[in-house]
Amino acid sequence: RMGLEPQVMNHHIRPVYTGATIVGRALPVLWAPVYRPPEKPYEQLFNAYRALEQNDVLVMTTSGFRTAGVWGGLLSTAARAQGCIGAIIDGLTRDVDEIEEISFPVFARGQSPLDSEGRAEAIEWGTPINCGGGLVRHGDIVFADYMGGVFIPAEAAPEVLARAEEKQSGESDVRDIL
């Protein structure tokens, strides 16, 4: 009704542990396959970390790379220390037990025991990306839970929230009547 393109994540991107929920601002990161370790591994990812603000969510795409996990427990711990509240990965992750142990919400397409070094590298951050079928820009609102995830353009967020609350209220009224 608002004329926005659907910004729903692909249903294959799932929480890596039960109860994971994310609501925050997106900081997009673009990953790509590599075939040898770069001179400065993780340089762009660390630059993105320095740009993180309180309540940011790292939203990453691996450009179709599905060989190794680009995320893990140590990266989750470091992200949390920078104020990040979760990560969404259109790709694979590792260290699921460790991620759950620290209750850092991560959503991913799956898991792999392989790490990304020499296999994939963050090559850019802060620019728009496609994550699981949704366009994500720096500052957009991210909402993800067990049902899936959506990306809400920052400029539309107040109206989307008002409409969502109105819809929920109307459904509650109908539920009460039924």
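The values are calculated or read from the model by the stated rules, or taken from the named source; none is laboratory data. This is a predicted model, so every value here is computed, not measured. Methodologically, a virtual Cβ is constructed for each residue, glycine included, from the backbone with ideal geometry; neighbour enumeration extends over all protein chains shown. When the accessible area is computed, the model is the full protein with side chains, heavy atoms only, and any ligands, DNA or RNA have been set aside. Shrake-Rupley method; radii C 1.70, N 1.55, O 1.52, S 1.80 Å.
A few notes on this one:
- The residues on offer are V142, V160, and the sole one that is open to solvent by less than 30 Å² (accessible area, probe 1.4 Å) and either closer than 22 Å to G64 by Cα or in contact (Cβ under 8 Å) with a residue 40 or more places away in the chain (or both) is V142.
- Number of the condition not met by E165 [criteria: (1) surrounded by 15 or more Cβ atoms within 10 Å (Cβ to Cβ); (2) over 29 Å from V96 (Cβ atoms)]: (1)
- N47 of a type in the set (S, T, N, Q), touching a strand residue (DSSP E or B) at 6+ places or on another chain (Cβ under 7 Å) and surrounded by fewer than 16 Cβ atoms within 10 Å (Cβ to Cβ): yes
- Just one of the numbered conditions (1) crowded, with 20+ Cβ neighbours inside 10 Å; (2) not in a strand (DSSP E or B) is not true of G149: (2).
- Residue in segment 66-85 that is open to solvent by 10 Å² or more (accessible area, probe 1.4 Å) and among the aromatic types (F, W, Y) present: no
- Residue pairs meeting the criteria (Cβ under 6 Å; at least 6 apart or on separate chains; first part of a strand (DSSP E or B), in segment 28-56; second at pLDDT below 95 and open to solvent by 50 Å² or more (accessible area, probe 1.4 Å)): A32/S63
- Residue check for G91: touching a residue at least 40 places away in the same chain (Cβ under 8 Å), touching an Asp or Glu at 6+ places or on another chain (Cβ under 6 Å) and over 14 Å from E124 (Cβ atoms): no
- Residues of segment 86-131 that turn out to be of a type in the set (G, A, S) and either open to solvent by 80 Å² or more (accessible area, probe 1.4 Å) or in contact with a helix residue (DSSP H, G or I) (Cβ under 7 Å, 6 or more places away or on another chain) (or both), as a count: 3
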